[in-house]
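**Q** Can you keep this structure in mind? I'll have questions shortly.
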Amino acid sequence: MSKPVKDMITRELQSHFADLDSVVVVNPIALTATENNQLRRALKAKNITMELVKNSLASRALADTALAKVGELLHGPSALVIGGDSPVEVARELSAWTRKLTKLEIRGAVVEGQVMDARGVDVLSKLPNRVELQGQLVTLFNSPGARLASCIAAPGARIAGCIKALVEKLEKTGSAEAA
């Protein structure tokens, strides 16, 4: 490959990955064409892309980005997987596919500058994603207020229940006297 072509590919990779802070590295080379197409189609449905890269060009292109440490994971045939709502989504999807396609190998990931091995990606896939965490936080923030509201409303509800029982009792005794 000539130097101008390498430079052009490097610039393309830099522009494509410049704003990212996380990527998962996989080895999809042992997959058949059909398996590869199924995987890519499923990933695309979730806004995740898998890009096969030349290791030396990817290392050179990502050297000055948040993904600079991805070079540690690039050995042998490699594909960079990006997209989704968060790195957790990508890890979940790839972990699910490694159970379906045993030939698919997850090498690791770089998440916010931290390098993880394949085991780390598996752990990442089991963590809650951003939306789930936000839901958990909202529940935690609302919990004390909900408890306080129920404590404030409880005495009134108790009095209302007593009055209702008394009214029902008086209605029964009043209808019995009328008969």
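**Q** Give the distance, in whole Å, between the Cα centre of the stretch 64-131 and the Cα centre of the stretch 12-51.
**A** 10
**Q** State log₁₀ I(q)/I(0) for the stretch 3-127 at q = 0.14 Å⁻¹ as given by the Debye formula over alpha-carbon point scatterers of equal weight, solvent excluded.
**A** Normalising to I(0) and taking log10 leaves -0.55.
**Q** When the chain is modelled as a GNM with alpha-carbon springs shorter than 10 Å, which of ARG92, ARG41, ARG107 fluctuates the most?
**A** ARG41
**Q** Using Cα springs under 10 Å in a Gaussian network model of the chain, which residue among ARG99, ARG147, ARG130 shows the largest mean-square fluctuation?
**A** ARG147
**Q** Using all C-alpha to C-alpha distances in the stretch 1-65, build P(r) with 10 Å bins and read off the rounded percent in each one.
**A** Calculated over all Cα pairs of the stretch 1-65, the distribution is 18, 43, 33, 5 percent.
**Q** Further, regarding this structure: Is the stretch 130-179 rounded, prolate or oblate when judged by the Cα gyration tensor, a ≥ b ≥ c being the square roots of its eigenvalues, rounded requiring a/c under 1.5 and prolate requiring a/b larger than b/c? Walk me through the intermediate numbers first.
**A** Working: a/c = 12.27, a/b = 3.96, b/c = 3.10.
Prolate, because a/c is 1.5 or more and a/b exceeds b/c.
**Q** Got the relative contact order for the chain handy, in percent, Cα pairs under 8 Å and 6 or more residues apart? Intermediate results must be reported in sequence, preceding the final value.
**A** Details: 209 pairs, mean separation 43.1, N = 179.
Reported relative contact order: 24 percent.
**Q** Counting each DSSP H run of 4 or more residues in the chain as -39500 (n - 2.57), what helix-only mean residue ellipticity at 222 nm follows after dividing by all residues, to the nearest 500 deg cm²/dmol? Display every interim value, and only then the final one.
**A** Working: 6 runs with 106 residues, N = 179.
After summing the helix terms and dividing by the residues of the chain, the value is -20000 deg cm²/dmol.
**Q** Among ALA58, ALA18, ALA153, which one shows the biggest mean-square fluctuation in a GNM of the chain, springs joining Cα atoms closer than 10 Å?
**A** Maximum among the listed residues: ALA153.
**Q** What is the count of Lys pairs in the chain whose alpha carbons sit under 29 Å apart, if the two are 8 or more places apart or on different chains?
**A** Here the count comes out as 24.
**Q** Order the peptides 115-121, 156-162, 65-71 from the highest to the lowest mean number of other Cβ atoms within 10 Å of their residues.
**A** 65-71, 115-121, 156-162
**Q** If you don't mind, another one. Want the number for GLU168 to SER143: 0.36 nm per residue separation, take away the alpha-carbon distance, what's left? List each step's numbers first, then the result.
**A** On the way: separation 25, 0.36 × 25 = 9.00 nm, distance 3.54 nm.
Extending this stretch completely gives an extra 5.5 nm.
**Q** Also, quick follow-up: Looking at the stretch 29-87, which GluC sites (Glu not before Pro) are DSSP coil and have at most 14 other C-beta atoms within 10 Å of their C-beta? The partial results should precede the final answer.
**A** Working: sites: GLU35, GLU51, GLU72; in loops: none.
Of the GluC sites (Glu not before Pro), not one in the loops of the stretch 29-87 has a Cβ with at most 14 other Cβ atoms within 10 Å.
Taken together, the values in this text are just the output of simple stated rules run on the coordinates, not laboratory data. This structure is a prediction, so every number in the text was calculated from the model and none was measured. In this analysis, Cβ positions are derived from the backbone assuming ideal geometry, glycine residues included, and neighbour counts consider all displayed protein chains.
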